[in-house]
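The values are calculated or read from the model by the stated rules, or taken from the named source; none is laboratory data. Note that the coordinates shown come from a computational prediction; the quantities given were computed from them, not determined experimentally. FYI the Cβ positions are ideal-geometry reconstructions off the backbone, even for glycines, and counts take in every protein chain you see. Just so you know, the surface numbers come from the protein's heavy atoms only, side chains and all, with ligands and any DNA or RNA stripped out. Shrake-Rupley method; radii C 1.70, N 1.55, O 1.52, S 1.80 Å.
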Amino acid sequence: MDIDDILREVDPTFNSIPDETRDLQSLTRAWVAERSSPELLEWPADGLFERMNDRIKQQIEKVEDMTGDMDPKTNFALIVIQTELERYKYLVRSYLRARIAKIDKHTLHYLSSSELRARLSPTELAYATRHQALLHNHYLSSFLSSFPPALQNLNDTTGNSSMIETPDLDTAIFIRLLRDTLVEGRGTDADGDMECKNGDIIILRWSDAKKLVDSGFAEIV
């Protein structure tokens, strides 16, 4: 169950929302979640970004067609369309930058298993693979080539100590509950749980909040 299913249950008018508005809401939620989460989230698999890119192209074409018309009404409509276009472009760029920043910081981590690679889009996966290859070649030409072959790997896990840097899953984040549920959390001194209501906003470690977000019981804010 995803966030749209939850919204459909709590808001009977959800299905009457235009597709464009619904996609913008989905993009905004994905953007907020990606910027707040300490680790890379799943790439939207419902074709959201393909639809958003198509709409951006359509709006650009509309702006080009309307440019040069001296009618005041047309000029005002053009300003509105351009403002909306910039909002779409800002959300898309900021969302992608947040993801690329995480990939750059923990490239080996996200390439280390098929489960983690599945979170990346095909373009992101190609970027991460190429990025890591360039980085490794740079290290080899700079200093790694002078080390013994056994010490040239960047993903060495010998001695129960991994060289692969991973995201801090204990980072605190805010989540909004989408239904009444029992929330369990780990504290510094002791663990605890409490009954939370739909709409409550709470702060949790990401490692505790992740299962609530993944199950559709909460969303990141």
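Worth a mention:
- Of the solvent-accessible surface of the chain, computed with a 1.4 Å probe and all protein chains present, 54% belongs to carbon and sulfur.
- Range of Cα positions in the chain per principal axis (Å), largest first: 73, 52, 25
- Partners of Lys57 within straight-line reach, counting lysines whose Cα lies under 16 Å from its Cα and excluding those fewer than 8 residues away in the same chain: Lys89.
- Length released on extending from Ser215 to Leu48, taking residue separation times 0.36 nm less the Cα-Cα span: 58.1 nm
- Accessible area per residue, Å², segment 82-221 with all protein chains present, probe 1.4 Å: 61
- GNM top mover of Leu140, Leu116, Leu27 - the chain, alpha-carbon springs below 10 Å: Leu140
- Inter-probe distance in nm under a simple model that places probes 7 Å from Cα toward Cβ, at Glu115 and Leu134: 3.1
- Solvent-accessible area of Tyr127 with every protein chain in place, 1.4 Å probe, in Å² to the nearest 10: 80
- Straight-distance candidates among the lysines for linking to Lys211, with alpha-carbon spacing under 22 Å and chain neighbours fewer than 8 residues away dropped: Lys102, Lys197.
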